[in-house]
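See structure below.
The values are calculated or read from the model by the stated rules, or taken from the named source; none is laboratory data. What you see is a predicted model; the values in this text were computed from it and never measured. With ideal geometry, Cβ positions are generated from the backbone for all residues, glycine too; neighbour counts draw on all protein chains shown.
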Amino acid sequence: MSKKAIVTGGSRGIGAAIVETLTREGFEVVFSYLSNKESAENLVQKITDQGGRAAAFQLDTSDYESAVNFVNQAKEFLTEVDVLINNAGITRDKSLFIMQKDEWDSVINTNLSGYFNVTRQLIGYFFKNKRGCIINVSSVSGLVGIAGQTNYCASKSGIIGFTRALAKEAAKLGIPVNCIAPGYIDTEMTRQLPEKHLEEIKNMIPMHRIGKAQEVADLVSFLCSEKARYITGQVFAIDGGLTA
Ligand SMILES: NC(=O)c1ccc[n+]([C@@H]2O[C@H](COP(=O)([O-])OP(=O)(O)OC[C@H]3O[C@@H](n4cnc5c(N)ncnc54)[C@H](O)[C@@H]3O)[C@@H](O)[C@H]2O)c1
């Protein structure tokens, strides 16, 4: 029987690579989109054409009621859920002395409270079934401080604390909860950075290159496989050696 996964923020970037990888591996997947319904539908069509099964529903992770509706729709489509991948996230980079309250709130509400809002809808279900697996996408910005990212670093560090505490709550039921911390990965998020800044970043990375979304998806694929069942409460950096 195929396994079933929910991926937030799956219509592009790292999330889309995770959705495509899991469906290629035989998972049935529900993923969310925020506003770009067309690109979500195109991805569903692509997966369907390849013989996979997927659906996309709208979700704003920062809105609790939206998370309730999204998970209900996902459960209806999948009938069962084995894996949750919290991936949706945003940046609003600015030095703290000019950061506006809405730039702080939107990042914390989407990235950190958003992971609570979605996970809260599934955790009781996973506990009841004594089955499940959760992977939270944090960032190297959760491991080290980066100037201009107080809001983002706070949210991504928070995700690491959330992961470790939940891993201890879930361990007795055999449910792994892990975190991944990507470095600089080639997606629309990093394509916003000026070319000159990207070149400086590449020089800082021991492997001298930006990572690929597929490389992150391959790590996620391993962590939600049976091969990773004894790993929980951990943070896996995937960053070309940046935090080595
Ligand atoms: N690209 C990188 O270099 C990098 C590095 C470290 C961590 N990350 C993390 O990886 C995850 C994916 O990032 P990406 O690079 O693919 O970025 P991206 O901007 O391409 O994708 C982000 C996804 O999140 C969704 N999203 C944004 N706000 C949302 C909201 N309020 N509700 C629901 N969905 C929302 C977007 O629609 C999009 O699908 C994020 O959590 C990001 O912080 C990315």
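Tabulated data
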read-out	value
Number of the exception - SER35 against (1) hydroxyl-bearing (Ser, Thr, Tyr); (2) more than 15 Å from the ligand (Cβ to nearest atom); (3) without any contact (Cβ under 8 Å) to a residue 24 or more places away in the chain	(2)
Selection from the stretch 78-98 of residues that are crowded, with 17+ Cβ neighbours inside 10 Å, away from the ligand (no atom under 16 Å from the Cβ) and not β-branched (Val, Ile, Thr)	LEU78, ASP82
Scan of the stretch 100-112 for residues that are surrounded by fewer than 21 Cβ atoms within 10 Å (Cβ to Cβ) and closer than 17 Å to THR163 by Cα, ordered by number	ILE108, ASN109
Candidate set: the stretch 1-32, residues that are assigned to a loop (DSSP other than H, G, I, E, B) and either in contact (Cβ under 8 Å) with a residue 60 or more places away in the chain or of a type in the set (Val, Ile, Thr) (or both); chosen: the one nearest to the ligand (Cβ to nearest atom)	GLY9
Residues being in a loop (DSSP other than H, G, I, E, B), in contact with a strand residue (DSSP E or B) (Cβ under 6 Å, 6 or more places away or on another chain) and surrounded by 19 or more Cβ atoms within 10 Å (Cβ to Cβ) - total across the stretch 47-74	1
The stretch 184-199 - residue that is over 18 Å from GLY10 (Cβ atoms) and in a loop (DSSP other than H, G, I, E, B) and, of those, farthest from the ligand (Cβ to nearest atom)	PRO194
Close pairs from the stretch 211-235: first among the basic types (Lys, Arg), partner modelled with pLDDT of 95 or more and in a loop (DSSP other than H, G, I, E, B), Cβ under 7 Å, at least 6 apart	LYS212/ASP186; ARG229/PRO176
Residue match in the stretch 32-45 (condition: in contact with a helix residue (DSSP H, G or I) (Cβ under 8 Å, 6 or more places away or on another chain), at pLDDT 95 or above and among the β-branched types (Val, Ile, Thr))	no
Looking only at the stretch 150-183, and only at residues there that are under 16 Å from the mean Cα position of the chain (by Cα) and in a loop (DSSP other than H, G, I, E, B), the one that is nearest to VAL220 (Cα to Cα)	PRO176
Filter result for VAL44 (buried (at least 24 other Cβ atoms within 10 Å of the Cβ) and touching a residue at least 12 places away in the same chain (Cβ under 8 Å))	no
Residue that is more than 18 Å from CYS224 (Cα to Cα) and of a type in the set (Lys, Arg), where the choices are ARG24, ARG12	ARG12
Pair list, Cβ under 6 Å, 6 or more apart: the stretch 165-181 residue within 15 Å of TYR125 (Cα to Cα) and in contact (Cβ under 8 Å) with a residue 40 or more places away in the chain, other residue part of a helix (DSSP H, G or I) and of a type in the set (Val, Ile, Thr)	VAL177/THR163
Single residue of ALA213, ALA167, ALA181, ALA147 found to be within 15 Å of the ligand (Cβ to nearest atom), farther than 13 Å from PHE236 by Cα and either surrounded by 20 or more Cβ atoms within 10 Å (Cβ to Cβ) or among the hydrophobic types (A, V, I, L, M, F, W, C) (or both)	ALA213
